[in-house]
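The values are calculated or read from the model by the stated rules, or taken from the named source; none is laboratory data. Just so you know, these numbers come straight off a predicted model, no measurement behind them. Note that we place each Cβ from the backbone using ideal geometry, even for glycine, and neighbour counts take in every protein chain shown.
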Amino acid sequence: MKRNFLVFLFVCGLSFSLFAEPRLLTILFTNDSHGMAWAFDAPDSPKTGGLAAQKTLIEQIRNEVQLTNGDVVVLSSGNVTMGDPRSNVCENLPMITGMNLIGYDGMLIGSHEFDFGMKTFEKMQKEARFPFMAANLFYKNNKQVGKSFIQKEMINGVKVAFVGITTPEIEKISNAGVEGLVKVQDPIEAAKKAVEELKKNNDFVVVLSNLGYSDKDKDADGYPSDRMLAKEVPGIDLIIGGRTKIQMDEPVYVNNVPIIQTEGLGKWVGRFDFYFEGKELVQKNFKLYPINIKEKIVKSNGSVTYENRGKDLVENEAMLKMLNDFNCEFSTQVVGELSDSFNGERNFVRNNPSTLGVFIASVMKERANVDIAFANGGAIRQGLNRGIVNEMDIYSVFPFEDTIVTGSISGSQLEEVINQSIKNKGQGGFLHFYGVDFSVSGGKASNIKVNGASLDAGKTYTFAVNSFVAGGGDGFEMMPKLKLNDTKISVPAAVIEYIKREKYIEPPKVSAGK
């Protein structure tokens with residue numbers, strides 16, 4: 001009897017120890033999913049990403065952590081919209097419904113959540129079974145958009161708050177921002193106020209940020225970056241970033257605050273672990289999980305195989321059924337044929353004029369009947385393969401639903417635009433020109449020609465540009481000061497129209513800025 005009683009005490013003590021002292025808080029996160037609810041074919045990596053495989057992974061991690069009596073929180077740091085054309089057609093509801101099935105605990109309102117207008121945003125918000133968050137985002141009547149924060153209390157009493165801080169760029173690039181329906185308070189001041197208040201009742205504060213990471217305190221547009229956030233806001237224990245889609249294999253520490261994010265597009269799930277002894281934080285770990293990202297293997301006999309870089313994730317059947325029940329397909333009717341592939345690879349189009357970027361600019365120039373045209377590399381998500389192309393292929397090139405904006409610009413102002421593009425090399429603000437040629441020397445443009453003639457600083461030229469750059473995005477602050485006209489013509493729609501008419505397309509000559 002005594003022995004049994006001692007065993008009983010031991011088991012009770014072990015149980016009490018396990019349940020009173022959870023050792024682990026696991027934060028799982030995604031950023032910049034951009035509508036990629038379905039698996040997609042990335043370059044040299046077929047059937048990559050997608051919510052169905054993501055759900056399988058997150059369920060596995062949940063089970064693993066809960067077996068050790070830990071807690072799991074699943075979050076998005078924003079920009080779940082504007083990407084896969086199927087999700088665009090269905091007003092982003094495949095993404096939101098899929099996040100519901102996964103069990104997200106919260107989502108930051110990112111810079112592109114309003115791209116389809118306020119009605120679509122509100123429909124997404126109503127559909128979500130998790131809060132939309134942003135401490136510094138308000139309607140024009142001063143009512144807050146979503147929640148400022150959420151709080152979680154672990155079984156051992158450790159309290160953690162998650163606060164959302166979004167980018168002022170919303171006021172430039174989104175329909176709601178442009179129409180003046182929302183306004184963004186200073187992100188640093190809003191973060192200081194929120195973190196200070198949350199620290200009174202919480203042991204740790206995590207910031208979901210859509211400011212973007214930069215190696216400077218401010219980005220190319222002059223907005224505060226995650227680096228400034230970490231430097232100037234005391235009390236932050238972790239920043240989960242987004243918007244700039246930088247693949248961070250390790251946290252970047254600024255002011256002893258870890259900053260993390262992924263390249264996005266649903267290709268990765270990030271994991272950050274806090275280990276506790278009682279309420280004392282004793283260890284932190286960071287890990288990235290690839291979502292069925294493949295590595296292309298060319299064998300000695302010339303055959304090609306694709307091997308997963310991580311664990312092979314079987315797609316969750318319930319998620320697949322939900323996605324397949326949405327009627328979100330674009331027409332697969334052939335629109336034309338390409339004589340060669342058009343390069344749209346992310347790093348290339350942000351550093352070099354590409355056949356795809358120049359082609360898009362040429363279509364804009366012709367459609368608007370202007371002297372010159374240009375568009376930013378950040379407005380290109382992927383390239384086009386040689387051969388037959390359909391409507392969905394074209395829409396898949398564009399991560400954003402830009403329109404063609406026209407205007408007039410002096411030669412000296414055009415030179416300013418070109419030099420800003422040179423300064424933006426390596427970033428989304430690197431421009432692709434049509435009708436403009438120049439050389440680069442000492443970080444500045446030289447020998448600038450417009451349609452073959454030397455640039456005349458005093459002459460006025462007509463131009464076409466995509467709406468993001470026209471709004472002053474990517475550091476082009478001079479653009480909104482010009483007299484502009486938004487044609488409301490969709491850039492991808494104009495490209496489709498052009499290919500349908502011409503039927504057979506050859507890559508344009510590429511030279512500007514090389």
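At a glance:
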item	result
Residue pairs meeting the criteria (Cβ under 9 Å; at least 6 apart or on separate chains; first under 13 Å from His34 (Cβ atoms) and assigned by TED's automatic domain parsing to the domain that holds His112, in segment 83-98; second modelled with pLDDT of 90 or more and among the basic types (Lys, Arg))	Asn92/Lys123
Selection status of Val314, of a type in the set (A, V, I, L, M, F, W, C), closer than 19 Å to Thr48 by Cβ and modelled with pLDDT of 90 or more	yes
Condition broken by Val440, with the remaining ones in (1) in a strand (DSSP E or B); (2) without any contact (Cβ under 8 Å) to a residue 40 or more places away in the chain satisfied	(2)
Any pair with Cβ under 8 angstrom, 6 or more apart, that starts in segment 467-484 at a residue that is outside the structural domain of His112 (by TED's automatic domain parsing) and within 15 Å of Ile418 (Cβ to Cβ) and ends at one that is outside any loop (DSSP other than H, G, I, E, B) and among the charged types (D, E, K, R)	Gly475/Lys423; Met478/Glu416
In segment 384-424, the residues that are surrounded by 16 or more Cβ atoms within 10 Å (Cβ to Cβ) and in a loop (DSSP other than H, G, I, E, B)	Phe398, Pro399, Phe400, Glu401, Asp402, Asn424
Segment 251-293, subset among the aromatic types (Phe, Trp, Tyr) and modelled with pLDDT under 95, residue surrounded by the most Cβ atoms within 10 Å (Cβ to Cβ)	Phe274
Test: residue in segment 59-81 that is at pLDDT below 90, within 16 Å of the chain's Cα centre (by Cα) and crowded, with 23+ Cβ neighbours inside 10 Å	yes
Which numbered condition Lys183 misses (of (1) surrounded by fewer than 24 Cβ atoms within 10 Å (Cβ to Cβ); (2) touching a residue at least 60 places away in the same chain (Cβ under 8 Å); (3) charged (D, E, K, R))	(2)
Residues of segment 479-503 satisfying the condition of being touching a helix residue (DSSP H, G or I) at 6+ places or on another chain (Cβ under 6 Å), of a type in the set (A, V, I, L, M, F, W, C) and at pLDDT 90 or above	Met479, Leu484, Val495
Output for segment 274-310, where each listed residue is among the polar types (S, T, N, Q) and farther than 24 Å from Thr262 by Cβ	Ser300, Asn301, Ser303, Thr305
Residues located in segment 292-331, provided they are more than 20 Å from Gly266 (Cα to Cα) and in contact with a helix residue (DSSP H, G or I) (Cβ under 6 Å, 6 or more places away or on another chain)	Phe330, Ser331
Looking only at segment 105-133, and only at residues there that are part of a loop (DSSP other than H, G, I, E, B) and in contact with a Lys or Arg (Cβ under 8 Å, 6 or more places away or on another chain), the one that is surrounded by the most Cβ atoms within 10 Å (Cβ to Cβ)	Gly110
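Here's the yes/no breakdown for (1) aromatic (Phe, Trp, Tyr); (2) outside the structural domain of Phe274 (by TED's automatic domain parsing); (3) at pLDDT below 95; (4) not in a strand (DSSP E or B):
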site: Lys183; (1), (2), (3), (4): no, no, yes, no
site: Val205; (1), (2), (3), (4): no, no, no, no
site: Ile236; (1), (2), (3), (4): no, no, no, yes
site: Arg243; (1), (2), (3), (4): no, no, yes, yes
